[in-house]
1. Part of a helix (DSSP H, G or I) and in contact with a strand residue (DSSP E or B) (Cβ under 6 Å, 6 or more places away or on another chain): does that describe L507?
2. Residues to consider are E325, E342; find the one that is in contact (Cβ under 8 Å) with a residue 40 or more places away in the chain and either of a type in the set (D, E) or on the phi > 0 side of the Ramachandran plot (or both).
3. Anything in the stretch 130-140 that is over 20 Å from A197 (Cα atoms) and either touching a Leu at 6+ places or on another chain (Cβ under 8 Å) or assigned to a helix (DSSP H, G or I) (or both)? List them, or say none.
4. Tell me the residue from S662, S649, S656 that is buried (at least 17 other Cβ atoms within 10 Å of the Cβ), modelled with pLDDT under 80 and under 23 Å from the mean Cα position of the chain (by Cα), please.
5. Of the residues I688, I677, I660, I653, which single one is hydrophobic (A, V, I, L, M, F, W, C), in contact with a Ser or Thr (Cβ under 6 Å, 6 or more places away or on another chain) and in the same structural domain as Q19 (by TED's automatic domain parsing)?
6. Have a look at V563, V550 and point out the one that is in contact with a Pro (Cβ under 7 Å, 6 or more places away or on another chain) and part of a strand (DSSP E or B).
7. Is there a residue being among the hydroxyl-bearing types (S, T, Y), in contact with a Gly (Cβ under 8 Å, 6 or more places away or on another chain) and surrounded by 16 or more Cβ atoms within 10 Å (Cβ to Cβ) anywhere in the stretch 227-244?
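The values are calculated or read from the model by the stated rules, or taken from the named source; none is laboratory data. This is a predicted model, so every value here is computed, not measured. Here Cβ is always computed from backbone atoms with ideal geometry, including for glycine, and neighbour counts include all displayed protein chains.
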Amino acid sequence: MILHYLKIAWRNLLKYRMQTAVNVVGIAVGFACFAFANLWMRYEASFDSRYEAADRMYLVYTEQPIKAGGLSPNVPYPTSTLLKQEFPEVEAACAFTRYTKADKLELEGQPEVELPSIQLDSCFMNLFGIRVLAGTNDFLYTNGQIALTERTARRLFGTTDVLGRTVVYNDQKATVSAVVSDLPHSNFSFGFICEGAYFRKWQDVWYNAGFEVVIRLAPGVSPQALEEKFRAYAEQTDDRYRKITGRLRLMPLSEVRQAPFNEERLVSFSYLVLFAAAGGLVILCSLFNHLALFLSRMDIRRRELALRRTCGSSGRGLFAMLTTEYSLLVLLSGFLGFVLVELLQPSFQRLSGVEGNVYGESLLYFLMVLALSLVLLLPFVFRYSSLRPERRQSGRRLKVMVGLQLFISLLAIFCTVVLMKQLNYLQHTDLGWERRNIAAFTFLYPDNAKDEIVDRVRQMPFVSRVLTDYTGLLPEGAVAATSIDWEGKPEGLEIKNMRMACMDDTLASFYGIHLAAGKFIRPNSGRGEIMLNESAVRVMGIANPVGMTVTYRDKRQATIIGVVRDLHITAPTIPIQPTLYVCQTEWIAHDDILLKYHEGAWPELRHRVDSLFAKDYPEVHYRLVNVMDEYNAYLKAETLLLRLLAFVSTVCILVSAFGIFSMITLSCERRRKEVAIRKVNGARVGDILGLFAREYLLLLAAAAVVAFPVGYVLMKRWLESYVEQTPLSWWLYAVIFLGMALLVALCIGWRVWRAANENPAEVVKRE
């Protein structure tokens, strides 16, 4: 009997090939997007969760207003020793450092590879469970020996039998003295361990805050209570270095991945949730589409159902037949979904870096989709498998389902368009400084050939200006924090961590920076003159600060000679920080080389500079960056989300469009006699087109009335996370509505035109 039902179901699906194909593809694509998004979320949420007592491990950080995001994970090396010795609540602690994202490691005669390195001690290895698989731990005490992870050893040599082999690390030879276990799926993963002697020399040095510290608390210890104890300890000690404990905060390792200072984060977790929701909406849209078509076909097949009951089919038999037909489409969609997952998984892994098995949970997601589809179907199957199906409300139900599809499509389109508009706005809006056609050498050593290199770069025909002995705006150079005081300061107002940076009229001219009031500092003007940005003036609550005398860093006095317009040099979600600008300082090395080049000349500049260093200065290490690319890196999460949502929205639109077309096709099939009679009674083709158009355009208007307010609330909340926000103008709603209306009209026009031009006599004869 089951085979009989499957055969009938297959024939009915083939009878409506186009509708079947659209629904199968829609559900499959939505299923694949949902599965990948959930795998990605699970991957992001499981970083540093596989250690023993991982729930008691915390990263030590400080609140640093001058840092992007207001947080910094960098503390002095001795902090770990202090916490372990002075606080019994700390069960274990370790310090480590990672100076660069990727170091160059190569074998003689082979291309170099870039791998993350780390400098650590035995405390780190014990805390994270890293084992020495081969060799000794001499690498912890010398700079000439390194330890490779098991994965790195196999990547470089194809084996773990590598002890005594020589590698080149940043142009220096080193001997492999050990192979250690990998640290997988961690925020602190590394490829090799190096510079043990250099690392250990900082163990008692407090002035170098270039280390990270992780601690493990004793069972039952509250991190909030320990932070309070940190503050109490800082108030009791006279040691100015130990007072850093008062600023220490604890972050669970499970939250480090999404922390604002984590540059390895590819996309925000909330964006992944949005992507998963979009995939779920595609599934719902396709299910509603299929259910609407299924119910519409039931009205057409009412004679078939009645004949089957007359020939002896039971209500249970009809129920099984209809359920089988409906479920077959979902099963086909699931099969195609798994095929898409298999085909797209390599590209997905390259895009996201996510590792793991997607199939186990995908099966669970498919079973959820199947269960949801049956829940939507069963009430209608019960009714249509009974003796007297209620047909009076079928048209209303179909309209509701078409309306839901239109609602989902409009919502997806609106969210995608707003995201696209915001991304374009951030890329082209005025940030208070010029970032186009500017490049910077952000790292250059040794500098004995610096002047010669600058002269040769200046002579390149597409370079219009070169600026030396300055610190560029982006990538952001060294900054400091300062307190500020002035006569007449309101009681209770205390400003301790104002950002302090360098600027004069030459740098301002280079970047196109403008004043709000006063004048710029001149080069070599000394310490007697400073400038503030607009955010600093607002924090100070001063209407006209120009000419005022203030006291800042180390009780220095200076006159405010100008107010600089706010500059957006951080991620667009981070507010502009109050900033004090000085001309020269002894704590900043002004060693950047800033370039302006002609429009469209970046590829040629990149090529010429690389060739110059490779040919004439191979010993010089440098980093040349395009400032526009550096700023756009802030938008990588938004760019990725836009691509994903654009794809999902396109699928939503196609599913809805084909769904409407299919519904109109079936409606025309069901109402052929009505159309014929209307034509006999004098109705024109335009009248019949208008009859169908009004019905579906009213559904679109009703869907828009709901979708646009929901979309506005969702996207307005999302936009509030940005300092600069694109306006949600009225024309945005109008364009989306008119575009969708045009699509609906096209779907209606072609099919209804054919039905309206049929010979009424032939139609009535067939009916």
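1. Details: part of a helix (DSSP H, G or I): yes; in contact with a strand residue (DSSP E or B) (Cβ under 6 Å, 6 or more places away or on another chain): yes.
Yes; evaluated as a whole, the condition is true for this residue.
2. Values: E342 fails: in contact (Cβ under 8 Å) with a residue 40 or more places away in the chain.
Exactly one residue qualifies, and that residue is E325.
3. Scanning the stretch 130-140 gives a single hit, A134.
4. Working: S662 fails: under 23 Å from the mean Cα position of the chain (by Cα); S656 fails: under 23 Å from the mean Cα position of the chain (by Cα).
Within the list S662, S649, S656, the selection yields S649.
5. Details: I688 fails: in contact with a Ser or Thr (Cβ under 6 Å, 6 or more places away or on another chain); I677 fails: in contact with a Ser or Thr (Cβ under 6 Å, 6 or more places away or on another chain); I660 fails: in contact with a Ser or Thr (Cβ under 6 Å, 6 or more places away or on another chain).
On inspection, the qualifying residue turns out to be I653.
6. V563
7. Within the stretch 227-244 (the criterion being among the hydroxyl-bearing types (S, T, Y), in contact with a Gly (Cβ under 8 Å, 6 or more places away or on another chain) and surrounded by 16 or more Cβ atoms within 10 Å (Cβ to Cβ)), the answer is yes, since at least one residue qualifies.
Every residue, every condition in (1) crowded, with 16+ Cβ neighbours inside 10 Å; (2) assigned to a strand (DSSP E or B), yes or no:
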| position | (1), (2) |
| --- | --- |
| L594 | yes, yes |
| E599 | no, no |
| P603 | no, no |
| H607 | no, no |
| A614 | no, no |
| V625 | yes, yes |
| M628 | yes, no |
| Y631 | yes, no |
| Y634 | yes, no |
